Amino acid sequence: MRETSIQTPLDLQRDAHGCLVLTLADGTRHVGVVPVRAFPMAAPEEGLSLMRSDGKEALWIAHMGQLQPAVRALIEQELAAREFVPTILRIRSVSGFSTPSTWDVDTDRGPTQLVLKAEEDIRKLHGRTRLRIAGSDGLQFAVPDTGALDRASQRLLERFL
């Protein structure tokens, strides 16, 4: 249930304990709100809910672009702590071009391996340039822009798209 939509400016701060505190236009304070994306994979910038500690929605934000830069930074910090999605920077090798296939990749969190169970585990977001890849262990990997990968990585990736 939505109590309210975004107010301008949004009063969201971090308290001394590191919790997010939302103060609504009517003066209601919600300590310990948690941002939750409605569409984390398909539209991560759209549909964000600030959830109260009792699990109910305190505020709905239609688009992250509505937020002031300082508030957006707070929310993005909180989301980054909750959402562990390493970004693939380079694909070093793949074990084969049929699935299951083991990929050796470099991510923003360091080198790792993922096992691609099926080609359907590569989700195309916004055309063919932005991808989400699910490893067999359930961990999600992001490729924000396939065009930014080196040529060898692009060639390996194209075999699965």
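The values are calculated or read from the model by the stated rules, or taken from the named source; none is laboratory data. These numbers were taken from a predicted model, which means no experiment stands behind them. Using ideal geometry, Cβ is built from the backbone for each residue, glycine included, and neighbour counts are taken over all protein chains shown. SASA here: full protein model, heavy atoms, side chains in, ligands and nucleic acids out. Shrake-Rupley method; radii C 1.70, N 1.55, O 1.52, S 1.80 Å.
Which whole-Hz couplings ³J(HN,Hα) result when phi for each residue of the stretch 64-77 is put into the Karplus expression 6.51 cos²θ - 1.76 cosθ + 1.60, θ = phi - 60°, listed in order with x for Gly and Pro?
Computed from phi, the couplings for the stretch 64-77 are 4, x, 6, 7, 5, x, 5, 5, 4, 4, 4, 5, 5, 4 Hz.
Kindly write out, for the stretch 80-91 in residue order, the coupling ³J(HN,Hα) from the Karplus curve 6.51 cos²θ - 1.76 cosθ + 1.60 (θ = phi - 60°), rounded to whole Hz, with x marking Gly and Pro.
In residue order, the calculated couplings are 4, 5, 8, 9, 8, 9, x, 9, 6, 9, 7, 9 Hz.
Amide H neighbours of A58 under 5 Å, counting only residues 5+ apart in sequence or on other chains, H built in-plane at 1.01 Å?
Long-range HN contacts for A58: L50, M51, R52.
Given [x] 1.08; [y] 0.94; [z] 1.24, which label gives Rg/Rh (Cα atoms, Kirkwood Rh) as computed from the coordinates?
Read-out from the structure maps to [x].
Any chance you could look up the accessible area of F160 with a 1.4 Å probe, heavy atoms only, rounded to 10 Å²?
Counting only protein heavy atoms, F160 exposes about 10 Å² to solvent.
Give me, ordered by chain and number, the residues 5 or more places off G32 or on other chains with an amide H under 5 Å from its own placed amide H.
L20, V21, L22
Assuming R0 = 25 Å, what is the FRET efficiency of L125 and K56, from their Cβ-Cβ distance, to the nearest 0.05? Please report the intermediate quantities before stating the final value.
Numbers: r = 29 Å, r/R0 = 1.17.
Once the sixth-power term is evaluated, E becomes 0.30.
Suppose R0 equals 22 Å; then what is the FRET efficiency for A148 and D104 from their Cβ-Cβ distance, rounded to the nearest 0.05? Write down the numbers at each step before the final one.
Numbers: r = 19 Å, r/R0 = 0.86.
The pair A148/D104 has a calculated efficiency of 0.70.
Skip the ligands, DNA and RNA, and give the accessible area per residue of the chain with a 1.4 Å probe, whole Å². Walk me through the numbers before you get to the answer.
On the way: 8850 Å² over 161 residues.
For the chain, the per-residue accessible area is 55 Å².
Take the solvent-accessible surface of the protein heavy atoms, probe 1.4 Å, and return the percent of it on the chain that carbon and sulfur atoms account for. Don't skip to the end; give the middle numbers.
Working: 4490 of 8850 Å².
Accessible surface attributable to carbon and sulfur in the chain totals 51 percent.
What's the longest uninterrupted piece of the chain once you rule out the GluC sites (Glu not before Pro) that are loop residues per DSSP with at most 15 other Cβ within 10 Å?
On the way: sites that count: E3, E45, E83.
The reported range is 84-161.
If each of R14 and V34 carries a label point 7 Å out from its Cα toward its Cβ, how far apart are those two points in nm?
According to this spin-label approximation, the distance is 1.8 nm.
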